[in-house]
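The values are calculated or read from the model by the stated rules, or taken from the named source; none is laboratory data. All values reported here derive from a predicted model rather than from experimental measurement. Glycine gets a Cβ as well: all are built from the backbone with ideal geometry, and neighbour counts include every protein chain shown. Only protein heavy atoms, including side chains, enter the accessible area calculation; ligands, DNA and RNA are left aside. Shrake-Rupley method; radii C 1.70, N 1.55, O 1.52, S 1.80 Å.
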Amino acid sequence: QVQLVESGGGLVQAGGSLRLTCTASGRPFSNYAMGWFRQAPGKERDFVAAISRFGISRMTGDSVKGRFTISRDNVKNALYLQMNSLKPEDTAVYYCAASARDLSDSDRQYDYWGQGTQVTVSS
């Protein structure tokens with residue numbers, strides 16, 4: 001089992017940047033493909049980005065492509081999401097998730113989830 005804790009959320013103006021961090025503990029971090037998802041109030045959970053176990057492969061959701069970058073550091077057991085050019089529609093709770101399978105844009109493929117961190121982008 002792996003435990004995930006997100007941090008780095010907050011309030012930022014449109015056009016600004018934030019970097020989210022997800023820190024993992026428990027089983028070896030490199031055992032898992034990792035993903036970021038987000039959920040806005042009243043909406044379904046959406047895929048943001050995913051990265052393979054050693055960072056060789058990445059996927060990015062269409063709505064954030066060119067603005068958000070996912071990365072990981074297996075030595076530090078950390079997953080990152082660099083978010084640039086933020087827009088009000090990026091406002092959501094952001095979750096990191098771990099998958100014992102290959103990276104995926106489907107939340108059903110992920111086995112472990114963090115508690116989420118709130119990102120609010122003001123216009």
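Condition check ((1) touching a Phe, Trp or Tyr at 6+ places or on another chain (Cβ under 6 Å); (2) of a type in the set (A, V, I, L, M); (3) without any contact (Cβ under 8 Å) to a residue 60 or more places away in the chain) across all residues:
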| position | (1), (2), (3) |
| --- | --- |
| Thr23 | no, no, yes |
| Ser30 | no, no, yes |
| Ala33 | no, yes, no |
| Phe37 | yes, no, no |
| Ala49 | yes, yes, yes |
| Gly61 | yes, no, yes |
| Lys65 | no, no, yes |
| Phe68 | no, no, yes |
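Of the residues examined, Gly66 is not one that is open to solvent by less than 70 Å² (accessible area, probe 1.4 Å) and not hydrophobic (A, V, I, L, M, F, W, C). Pairs are defined by a Cβ separation below 7 Å, a sequence spacing of at least 6 or placement on different chains, a first member in the stretch 70-95 that is over 15 Å from Phe37 (Cβ atoms), and a second member that is modelled with pLDDT under 95 and assigned to a loop (DSSP other than H, G, I, E, B); the pairs so defined are Pro88/Ser123.
With respect to being free of Cβ contacts under 8 Å to residues at least 60 places away in the same chain and under 10 Å from the mean Cα position of the chain (by Cα), Ile56 falls outside the description. Gly42 meets each of the listed conditions (1) part of a strand (DSSP E or B); (2) under 16 Å from Gln118 (Cβ atoms) apart from (1). If the condition is being in a loop (DSSP other than H, G, I, E, B) and touching a Leu at 6+ places or on another chain (Cβ under 6 Å), then the stretch 45-56 contributes only Ser52.
Restricting the stretch 96-110 to residues that are open to solvent by less than 60 Å² (accessible area, probe 1.4 Å) and over 11 Å from the mean Cα position of the chain (by Cα), which is nearest to Arg38 (Cα to Cα)?
First, pick out the residues of the stretch 96-110 that are open to solvent by less than 60 Å² (accessible area, probe 1.4 Å): 96-100, 103-104, 106-107, 110.
This time we only want the ones that are over 11 Å from the mean Cα position of the chain (by Cα), so: 99-100, 103-104, 106-107, 110.
On the way: Ser99: 16, Ala100: 20, Leu103: 16, Ser104: 15, Ser106: 12, Asp107: 10, Tyr110: 14 Å.
Looking at residues that are open to solvent by less than 60 Å² (accessible area, probe 1.4 Å) and over 11 Å from the mean Cα position of the chain (by Cα), I get Asp107.
No other residue among Ser25, Ser85, Ser30 is over 17 Å from Gln3 (Cβ atoms), open to solvent by 20 Å² or more (accessible area, probe 1.4 Å) and not aliphatic (A, V, I, L, M) apart from Ser85.
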